[in-house]
Each structure stands twice: as C-alpha cells, then as structure tokens.
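Before any comments, here is the structure.
Just so it is clear, none of the values below were taken in a lab; they were calculated from the coordinates. Because the structure is a prediction, the values reported are computed rather than measured. Please note: Cβ atoms are built from the backbone with ideal geometry, for glycine as well, and neighbour counts cover all protein chains shown.
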Amino acid sequence: MNEFAIQLKKLRTAQGYTQQQLASLLHISKSAISMYESGVREPELSVIQQIADIFSVDMDTLIGTHLEETGTPVTSPFLNMKKLIARNGNQLTSEERENLIKLLSELNTQ
C-alpha cells in the first residue's frame, strides 16, 4: 500500500469521517475513496489538494513525505494561515504579506 493510501485512511478515521462523508465533500463516489485507501487508484492532483484542505494538512503530509518520527502526519495551523494569506493576500500590500509570512515562519519554528 502506498503512503498516500495509509495517510488518507489515518487522517479520515482520526477526524471521524466515513468514506461516504469524505466522498460527498469531494463530490466523488464512496468507491473512489475506498480505492484510494486500498491503493488501487490514485486521485488527480486537484483532488489531493482538496483532501489536504479538508484535513488541514499540506500535500506533503498527505502523500507521506512529511511525517513526524512516530509516523503521525504533521499538522500545523501555521500552514493553514499561509494558505489563507496566499489565496486572499491580494488585499494586502506586498510588504504586509511578506511580514505576515515571516512572522508565521518564525512562530512555526518555536
């Protein structure tokens, strides 16, 4: 089984979603979720990003390239804040954006 399949199931069950609930959020079939979790099928990149957003993790965590030593996915509210700034940052000046990202990066390393 691939890392994506393992992480998807781990995150889904840890956050209390059924396969059907997750499928409904993604507008796909329950069988697609089942195939993702069994490693039979892999989703498109856009679906991986949607799944990462639902579970508030980055894509590296979801595909298994960013794990704590315990094998547990790393989640961080700072990653979510960076995403929000990136998506909605057009209302900020470039200096304000840079300052926010710098602040978040400093907080994330503490």
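Summary of values
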{"quantity": "Subset of region 14-50 that is of a type in the set (A, V, I, L, M, F, W, C) and either in contact (Cβ under 8 Å) with a residue 60 or more places away in the chain or over 16 Å from ASN2 (Cα atoms) (or both) - its residue that is surrounded by the most Cβ atoms within 10 Å (Cβ to Cβ)", "calculated": "LEU22"}
{"quantity": "Matching residues in region 21-47 - criterion: being outside any helix (DSSP H, G or I) and either under 13 Å from LEU8 (Cβ atoms) or more than 18 Å from the chain's Cα centre (by Cα) (or both)", "calculated": "ILE28, SER29, GLY39, VAL40, ARG41, GLU42, PRO43"}
